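Worksheet for the structure shown next.
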Amino acid sequence: MYVAVKGGEQAIDNAHRLLASERRGDLAIPELTISQISSQLALGVARVMCEGSLYDPELAALAIKQARGDMIEAIFLLRAYRTTQPRLGDSVPIDTSAMDVRRRVSAVFKDLPGGQILGPTFDYTHRLLDPALMGEGSPGEPARSGDGARIETPRVLELLDRDGLVETSPRDRDVGAADDLTRTPLEFPASREQRLQALARGDEGFLLGLAYSTQRGYGRTHPFAGEIRIGEVEVFFTPPELGFEVPLGTITVTECEMVNQFHGSGDEAPRFTRGYGCVFGQSERKAMSMALVDRSLRAAELGEASGAPAQDEEFVLSHCDNVQATGFVEHLKLPHYVDFQSELVLLRQLRAEWEAERAALKTPAGVSLREAAE
Amino acid sequence: MNAAPEYNFAYLDEHTKRMIRRAILKAIAIPGYQVPFASREMPMPYGWGTGGVQVTAAILGRYDVLKVIDQGADDTTNAVSIRRFFQKTAGVRTTTRTEEASIIQTRHRIPEAPLKEGQVLVFQVPIPEPLRFLEPRETETRRMHALEDYGVMHVKLYEDIARHGQIATTYAYPVKVADRYVMDPSPTPKFDNPKMNDCPALQLFGAGREKRIYAVPPYTKVVSLDFEDHPFERTRVAGSCELCGSGGVFLDEIVTGDDGARIFVCSDTDHCANARDREAQ
């Protein structure tokens, strides 16, 4: 006989205890420390900080540990914490020209002031599993050059802008009043600030796929990687009671500026256009994807819209958030007995009507169906 | 963040609650209109009741008595989880009895017991836009609502009749509120639609992921869309509850054996328990 589904509370408690135990795993193996995660899984930490919209390597590492390495779950944890924090004010926009660069490459000039700096990159590694990493060991000292002083690296797009070859960056506009996507609902058409925020928080895989689609012809933008730079920038804040900028600390960011398809008109000399990407931590894939998608989303503004998915602002911005997406996809796990029951009632009724009709016609079902289709 | 974090009453900070209350007031002033609001990221997943939870958190007071149901039942896991959330963050009294509750948060059902003045029914809404599956663009659907341009919905219902001989929508059945806005009642079965009309309780709808709040004020006209020659028909639930014997209520179908044997029981667990209590007396 049917037993009513009581005991939900006990089931939830037990499930969570089992989860905690499985997260820890074999007690004979030392537990991961937060500093191990933040230092040795730094790129994962960077992704969680970026899509979680909170620069805090320690909390991001905690989230990864708690989420058992599930990145979207970790992003969700970090965001749920972030949302409880008060907003004290807007920082001064970071100046990535003054970045202490660790890596800086340009695909458009062979050499340029400040030089090409490869830095810590997977590029040109041969992707062969390294058995030495099965154990513990020291990789040896990294090579160093110069006296450790900061290298001046003027931005590549500024060099182009000087000759009027690329559109001027809108960064001189008053960005102090930028909307905060987490405090105001996104409405369409979105402002560029909102769009860049949404892309910075957007899912790396989703943006990667969209960016890739533009390269394969679904809204081509003729991109060149004008410059990619990774390094540390200082964040400043102007407390209203002081009236001058004070440094808050240093963050690592990856910035990508794409140089795209040129434009011009009777009134305007032809010049290259831009796509922009900027993310917390080291993540070139995300920054480059963001820059490509940012540029694609300008298709309507630049009069080149062709209906490609990456050009569709509502489509891209409504679906790029992985915390929203995973919640709604996974909510299908929740009970839907009532709606399903309503559908069952209707379907049984429709089937009964169909049977009755068929019996009344007294013709083989195949014949009547074919006639209906013709 | 070493110590256990201290949260405000009902989790949300007071500024956020004020923002949500403003959206609710606007929603009540324009029945059926979807008010955009700055939905917060909640500690439960989108699509699992974040909109309803924010609405409840914004209206909850210390002396409220809260009931949370999912599929009509108080003991389904997500209802348990949301009820616990408010027990933990607000310490309010909770109940499973419909008539005792001042606020009822629900997913997919309206209780069988008639609601009273002073009660608030908070619906969790996944997709607030009734026109969404006919027109995917928000910019377009907002324009259609503004112009009261609902032709496409009537065409859809007509096509249902042409294809199936009847309107083949069994849940989230669209309604027109106060003769103006077409509204999604959330995925409640159409069996529950008539309960929304002229209801003495305030009905609030929260969609967290989609960042919308809408409302049906007490005693408001709510009409299920239909045609003169194909009037709205409530789902006829045949049979009665195996446990309490109630008829005329929404029944869940339970598969009881490997041979496919089935029984039907009340979806509303409070209604079922009350009916059994009355029988026992």
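Points worth noting:
- Yes/no for A:GLU232 being in a strand (DSSP E or B), out of contact with any Pro (no Cβ under 7 Å at 6 or more places or on another chain) and more than 23 Å from A:PHE109 (Cβ to Cβ): yes
- Only residues that are away from every other protein chain (no Cβ under 12 Å), surrounded by 14 or more Cβ atoms within 10 Å (Cβ to Cβ) and outside any loop (DSSP other than H, G, I, E, B) were counted across the range B:129-151, and they come to 2.
- Elements of type helices (runs of 4 or more DSSP H) in the range A:8-59, at least 1 residues being among the hydroxyl-bearing types (Ser, Thr, Tyr) and surrounded by 12 or more Cβ atoms within 10 Å (Cβ to Cβ): A:34-40
- In the range B:249-264, residue farthest from B:ALA73 (Cα to Cα) [restricted to those that are away from chain A (no Cβ under 11 Å) and open to solvent by less than 60 Å² (accessible area, probe 1.4 Å)]: B:GLY260
- For the range B:207-231, the set of residues classified as away from every other protein chain (no Cβ under 14 Å) and in a loop (DSSP other than H, G, I, E, B) consists of B:PRO217, B:PRO218, B:TYR219, B:THR220, B:LYS221, B:LEU225, B:ASP226, B:GLU228, B:ASP229, B:PRO231, listed by residue number.
- Looking across the range A:295-316, the residues that are assigned to a helix (DSSP H, G or I), under 25 Å from A:PHE272 (Cα atoms) and open to solvent by less than 50 Å² (accessible area, probe 1.4 Å) come down to A:ARG295, A:SER296, A:ALA310, A:GLN311, A:GLU313, A:VAL316.
- Of all the criteria given as (1) in contact with a strand residue (DSSP E or B) (Cβ under 6 Å, 6 or more places away or on another chain); (2) part of a loop (DSSP other than H, G, I, E, B), the one not satisfied by B:LYS116 is (1).
- Condition met for A:THR326 (part of a helix (DSSP H, G or I) and either more than 27 Å from the chain's Cα centre (by Cα) or surrounded by fewer than 22 Cβ atoms within 10 Å (Cβ to Cβ) (or both)): yes
- Residue in the range B:53-67 that is facing another protein chain (nearest Cβ under 10 Å) and surrounded by fewer than 19 Cβ atoms within 10 Å (Cβ to Cβ) present: no
- Number of the exception - A:ALA107 against (1) assigned to a loop (DSSP other than H, G, I, E, B); (2) open to solvent by less than 50 Å² (accessible area, probe 1.4 Å); (3) among the small types (Gly, Ala, Ser): (2)
- Of the set (1) closer than 30 Å to A:GLY119 by Cα; (2) of a type outside the set (Ser, Thr, Tyr); (3) in contact with a strand residue (DSSP E or B) (Cβ under 8 Å, 6 or more places away or on another chain), all apply to A:LEU344 but (1).
- In this structure, A:CYS256 does not satisfy being modelled with pLDDT of 95 or more and surrounded by fewer than 24 Cβ atoms within 10 Å (Cβ to Cβ).
- Test result for A:LEU369, part of a helix (DSSP H, G or I), modelled with pLDDT under 90 and either open to solvent by 40 Å² or more (accessible area, probe 1.4 Å) or within 14 Å of chain B (Cβ to nearest Cβ) (or both): yes
Condition check ((1) on the phi > 0 side of the Ramachandran plot; (2) out of contact with any Phe, Trp or Tyr (no Cβ under 9 Å at 6 or more places or on another chain); (3) not in a loop (DSSP other than H, G, I, E, B)) across all residues:
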position	(1), (2), (3)
B:THR169	no, yes, no
B:PRO185	no, no, no
B:ASP192	no, no, yes
B:LYS195	no, yes, yes
B:CYS199	no, no, no
B:PHE205	no, no, yes
B:GLU242	no, no, no
B:GLU253	no, no, yes
B:ILE263	no, no, yes
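- With respect to being in contact with a helix residue (DSSP H, G or I) (Cβ under 7 Å, 6 or more places away or on another chain), closer than 21 Å to B:GLN34 by Cβ and in contact (Cβ under 8 Å) with a residue 12 or more places away in the chain, B:GLU148 falls outside the description.
The values are calculated or read from the model by the stated rules, or taken from the named source; none is laboratory data. Predicted, not measured: the structure shown is a model, and the values here were computed from it. Cβ coordinates were reconstructed from backbone atoms using ideal geometry, including for glycine residues, and neighbour counts include every protein chain displayed. Ligands, DNA and RNA are excluded from the accessible area calculation, which covers all protein heavy atoms including side chains. Shrake-Rupley method; radii C 1.70, N 1.55, O 1.52, S 1.80 Å.
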